[in-house]
Ligand code: UDX
Ligand code: UDX
């Protein structure tokens, strides 16, 4: 089949690369010229495990091409995937800061381009996460700008790709959702995903759109639930890791449930998707305080963690800090809505003079993000940071270590070596560790003499 993805970020690029791997002829389009130039030169502008190999292979075979020209992408394809961003946008004149609707400007622009350049019947697929009823708007927009009488069908086929595991998720999806209010496109869409006949869920377009947002909303609800339980554990002596284990053993909940307490969820999806879902309820005149609470818990979880640091460390200006993990999760370079970055910024604002930072993939994106902050808070964030190339470098000669994202690399750190590195061999120098994600064995850490805090695991501290 001839396929185009319009918008070649984490979703569009991975989706396009996978389709080309399956033998289809794919063009990935993006307005970002430097991104496309890099891709044409064989560079991959984002880090995603397995993606480079996939792109290299299919670019060389000629099945995967790149362009900045939406006309070329539209004319090439029988199936066009809309994969542009749908960021949260604050509602003007609202008293509720949590009411943020999804910004559909980019989706609208792609719909207009499709209308302008459509030259034969095509299937237009919305892969970006969008509010329910967006498909209808896309259809209306294309019809409004269409100058020729050419049939087209709008389908919702939402992405369920976790960054860091996006290639794997494409190759082994939990489900493929195909939502459409007409019958014509189902056959082609089924063929496209013919490797997973049992995983296809066919439905109308509204259910597909809402199903995607509802899934992310539910995952976010469970994370915030784990996080309030963690606060309760800090007060009561229960261990939130054990509490989650007990819950996950229930087959109705399951071992993969999002019940890992920490400093909250980040990334380009959960924060904006929960806000968008909350906004849809509000626009439909329905109450959804549950979702608002989820966002409040998530926002205040970093504050909660910072308070714990302040309580234990007391003075900040005389200490060196180290932060491990800057991306919003492991195995990605994406720092959008990263909770670790929020912790880092707060440390800077609190007057920490020097902060060593390490992340396997996200040092450059962190530097760029902090550059964008400029002198907003009266100082240059980047001047306070020492970017380290290894965990060892970040952990040597430092007073306070903060673990902000889950990573196997951090789990491998040996407590004895860590203590020695942090204190520079002066074993009577105090070392603090604050875990924003459960990483170390608290008992071992206490044995080495660390002052140790791990969210929701209080009894270990005695
Ligand atoms: C985005 C959305 O944020 C997510 O909700 C949705 O499910 C999929 O698309 P992601 O791929 O992570 O996720 O976003 P991003 O990496 O920002 O990629 C979007 C791309 O679209 C960018 O490369 C941007 O340059 C491009 N774009 C944007 C266009 O090509 N045309 C436009 O008009 C606007
Ligand atoms: C999410 C969805 O999972 C995926 O299906 C798609 O819709 C895109 O959005 P992604 O944001 O890439 O994927 O990562 P995910 O693994 O879902 O983690 C999101 C955030 O939640 C991370 O910050 C992670 O640290 C946090 N998280 C996850 C927790 O705090 N606790 C958990 O138990 C699980």
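The values are calculated or read from the model by the stated rules, or taken from the named source; none is laboratory data. The shown structure was predicted, so the numbers you read here are calculated from the model rather than taken from an experiment. Virtual Cβ from ideal backbone geometry, glycine too; neighbours counted across all protein chains shown.
Summary table below
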item	result
Test: residue 272 is closer than 18 Å to residue 156 by Cα and within 16 Å of ligand 1 (Cβ to nearest atom)	no
Test: residue in the stretch 370-383 that is in contact with a strand residue (DSSP E or B) (Cβ under 7 Å, 6 or more places away or on another chain), part of a helix (DSSP H, G or I) and assigned by TED's automatic domain parsing to the domain that holds residue 404	no
Subset of the stretch 137-179 [within 27 Å of the chain's Cα centre (by Cα) and away from ligand 2 (no atom under 16 Å from the Cβ)]	137, 138, 154, 155, 178
Hey, residue 292 at negative phi and within 22 Å of the chain's Cα centre (by Cα) or not	yes
Test result for residue 281, more than 16 Å from ligand 1 (Cβ to nearest atom) and more than 28 Å from residue 399 (Cα to Cα)	yes
The stretch 25-81: number of residues that are within 16 Å of ligand 2 (Cβ to nearest atom), part of a loop (DSSP other than H, G, I, E, B) and within 25 Å of residue 189 (Cβ to Cβ)	2
Pairs with Cβ under 9 Å, 6+ apart, first in the stretch 254-266 and closer than 16 Å to residue 455 by Cα and free of Cβ contacts under 8 Å to residues at least 40 places away in the same chain, second near ligand 2 (Cβ under 6 Å from one of its atoms) and part of a loop (DSSP other than H, G, I, E, B)	258/265
Residue satisfying all of: in the stretch 192-209; touching a residue at least 40 places away in the same chain (Cβ under 8 Å) and more than 14 Å from ligand 1 (Cβ to nearest atom); surrounded by the most Cβ atoms within 10 Å (Cβ to Cβ) among these	205
Of residues in the stretch 326-347 being assigned to a helix (DSSP H, G or I) and in contact with a strand residue (DSSP E or B) (Cβ under 7 Å, 6 or more places away or on another chain), the one nearest to residue 315 (Cα to Cα)	347
Sole residue being surrounded by fewer than 20 Cβ atoms within 10 Å (Cβ to Cβ) and at pLDDT 95 or above, chosen from 173, 185	173
Single match in 317, 285 (criterion: more than 18 Å from the chain's Cα centre (by Cα), surrounded by fewer than 19 Cβ atoms within 10 Å (Cβ to Cβ), more than 22 Å from residue 47 (Cβ to Cβ) and not assigned by TED's automatic domain parsing to the domain that holds residue 362)	285
Filter result (over 14 Å from residue 56 (Cα atoms) and either within 11 Å of ligand 1 (Cβ to nearest atom) or without any contact (Cβ under 8 Å) to a residue 12 or more places away in the chain (or both)) within the stretch 9-27	9, 10, 11, 12, 15
Residue 294 within 16 Å of ligand 1 (Cβ to nearest atom), surrounded by 17 or more Cβ atoms within 10 Å (Cβ to Cβ) and under 30 Å from residue 361 (Cβ atoms)	no
Residue match in the stretch 254-270 (condition: more than 25 Å from residue 308 (Cα to Cα), more than 11 Å from ligand 2 (Cβ to nearest atom), modelled with pLDDT of 95 or more and not assigned by TED's automatic domain parsing to the domain that holds residue 88)	yes
